[in-house]
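Step one of this worksheet: look at the structure below.
The values are calculated or read from the model by the stated rules, or taken from the named source; none is laboratory data. Here the structure is a predicted model, which is why all the values come from computation and not from measurement. Positions of Cβ are backbone-derived with ideal geometry, glycine not excepted, and every protein chain shown enters the neighbour counts.
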């Protein structure tokens, strides 16, 4: 268990960081519209220099859906550091990172 109470899971000998990530993998791998499914794909956002190490982002899943490349992350909680990396990723690669499960905006209370 990690600090976010996610438990490691295994499916067909493949280790996953959480049960939710494993369930999403099963869904994607059985979907006939999903091709070239890859796990844990590492992207460099800022290269290393003589003062700092590189800033990277590791996508949970990368796949093709029709003619579109999809970069997807399974999240129980979206933290500020992820939001920043999401913006940096889009700026560098021009692909939005999809979050699974999709987040619905919270309704604000009227004043």
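Within region 42-49, identify whether any single residue is under 14 Å from residue 89 (Cβ atoms), surrounded by 14 or more Cβ atoms within 10 Å (Cβ to Cβ) and at pLDDT 95 or above, and answer yes or no. Lay out the reasoning, then the answer.
Looking only at region 42-49, we keep the residues that are under 14 Å from residue 89 (Cβ atoms), and these are 42-46.
Adding the requirement that they be surrounded by 14 or more Cβ atoms within 10 Å (Cβ to Cβ) leaves 43, 45.
Cutting the leftovers down to at pLDDT 95 or above gives us 43, 45.
Among the residues of region 42-49, at least one is under 14 Å from residue 89 (Cβ atoms), surrounded by 14 or more Cβ atoms within 10 Å (Cβ to Cβ) and at pLDDT 95 or above, which makes the answer yes.
Take the residues in region 89-111 that are in a loop (DSSP other than H, G, I, E, B) and modelled with pLDDT of 95 or more, then tell me which one is surrounded by the most Cβ atoms within 10 Å (Cβ to Cβ). Talk me through it step by step, then tell me what you get.
Going through region 89-111, the residues in a loop (DSSP other than H, G, I, E, B) turn out to be 94-96, 101-111.
Subset that is modelled with pLDDT of 95 or more: 94-96.
Working: 94: 8, 95: 15, 96: 12.
Result: 95.
Looking at region 6-16, which of the residues that are on the phi < 0 side of the Ramachandran plot and free of Cβ contacts under 8 Å to residues at least 40 places away in the same chain is surrounded by the most Cβ atoms within 10 Å (Cβ to Cβ)?
Of everything passing the filter in region 6-16, 16 is surrounded by the most Cβ atoms within 10 Å (Cβ to Cβ).
When you scan region 24-35, how many residues do you find that are farther than 14 Å from residue 59 by Cα and either surrounded by fewer than 16 Cβ atoms within 10 Å (Cβ to Cβ) or touching a residue at least 60 places away in the same chain (Cβ under 8 Å) (or both)?
Result for region 24-35: 8.
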